[in-house]
Amino acid sequence: MAVTPTFLWRIEMRCPAAAVGGFEDVLDPFCVALSTFAETDSDNPDDFWRIEGFTGSEPDEKTITLAINKAARKLRLEPPSPTFELLPAKDWAADNLAGFPPNRIGRYFIHGSHFDGPPPAGLVAIKLDAGAAFGSGEHPTTAACLQALDRLSKQRKIRRPLDMGCGSGILSLAMAKTWKVPVLACDIDAEAVRVTNQNARQNRVGRLVRAVAGSGYRTPAVVAGGPYDLICANILARPLCQMAASAAKALEPGGTIILSGLLVRDAMRVIARYRTHGFTLHRATQIDGWQTLVMKW
């Protein structure tokens, strides 16, 4: 059966490094994915960054530009000039599969359904296809979380884990397969919840992984399932800071939280916020400009 090519719009803008977080917050509601890059080829490579946002529907240029201008006024900056580009039609899923070879991260062997060989002996195999929800193990933040889970598995038994902001569910799958215990996954995006539950069934841990839609730690299922002895939260720096107090209430004494999805420049802000709620830093891992924190409460 022929696959219909899909379309993708890109929204791009440049801004000073100190304003990246503010403009990311502006673009986030309009996009399904965001990327930021230091511009090493600019006249001021240390001062300017490029932000790219992607969406599957035609963006409302006027609304987005007005939102950017409003943020620029608050930041006392000249408004950046965003560009809107329709990328060529292509079969993104097929391209992602082609560019998604098996990947070993610690004890975990992540592969797509197109991989037909046996997984290496002694490794935990996770079958995951590129799709609408993000998290294939290739991004540094996901890889660092998997490394943290691998280290933790050698230190203690986990009984009640929570995957906050589950995306594709890769961390939920890893926890379920590592400790053979029920895992609660939560995401604000209903599509991520659907994909996580689907991936759990595909990996034969559907009876262990339960994904629910909700707004963070206030989600009824999350409240009812706590307290947790392990929380994985691979999100973004700003929401991680906003959720610090709620995370402290959700984690049991002596519990561990893995915080990821933050750039190195945001790490101290996140650490400081969690320390005010009783957390202590246990380990920090940096990969390609991204920071992952392991903290205990």
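The values are calculated or read from the model by the stated rules, or taken from the named source; none is laboratory data. Everything numeric in this text was worked out from a predicted model, so none of it was measured. All Cβ positions, glycine included, derive from the backbone under ideal geometry; neighbour counts span all protein chains shown.
Any residue that is under 30 Å from Val26 (Cβ atoms) and at pLDDT 75 or above - is there at least one of those in segment 86-101? Checked against the condition, which is being under 30 Å from Val26 (Cβ atoms) and at pLDDT 75 or above, segment 86-101 yields at least one hit. Cβ separations smaller than 9 Å between residues 6+ apart or across chains give the following pairs from segment 270-293 residues that are closer than 18 Å to Leu230 by Cα and free of Cβ contacts under 8 Å to residues at least 60 places away in the same chain to residues that are assigned to a strand (DSSP E or B) and of a type in the set (Gly, Ala, Ser): Ile271/Ala284; Leu293/Ser260; Leu293/Ala284. Scanning segment 171-196 for residues that are buried (at least 17 other Cβ atoms within 10 Å of the Cβ), under 24 Å from Pro227 (Cβ atoms) and not small (Gly, Ala, Ser) returns Leu171, Leu173, Met175, Lys177, Thr178, Trp179, Val183, Leu184, Cys186, Asp187, Val193, Thr196. Quick check: anything in segment 216-239 over 15 Å from the mean Cα position of the chain (by Cα) and of a type in the set (Asp, Glu)? Within segment 216-239, one or more residues are over 15 Å from the mean Cα position of the chain (by Cα) and of a type in the set (Asp, Glu).
Here Ser172 meets each of (1) of a type in the set (S, T, N, Q); (2) out of contact with any strand residue (DSSP E or B) (no Cβ under 9 Å at 6 or more places or on another chain); (3) in a helix (DSSP H, G or I) with one exception, condition (2). Taking segment 221-239 as the range and being over 13 Å from Cys186 (Cβ atoms) and at pLDDT 95 or above as the test, the residues that pass are Pro227, Asp229, Leu230. When Lys74, Lys62, Lys127, Lys70 are checked against the criterion of being closer than 30 Å to Ala176 by Cα and either modelled with pLDDT of 90 or more or of a type in the set (Val, Ile, Thr) (or both), Lys127 stands alone in meeting it.
Here Val209 clears all of (1) closer than 23 Å to Ile126 by Cα; (2) under 17 Å from the mean Cα position of the chain (by Cα) except the condition numbered (2). Which numbered condition in (1) surrounded by 20 or more Cβ atoms within 10 Å (Cβ to Cβ); (2) at pLDDT below 95 is the only one that Tyr217 fails? The one condition Tyr217 does not meet is (2).
Restricted to helices (runs of 4 or more DSSP H) entirely inside segment 184-297, those with at least 2 residues that are of a type in the set (Lys, Arg) and farther than 20 Å from Pro161 by Cβ are 267-275.
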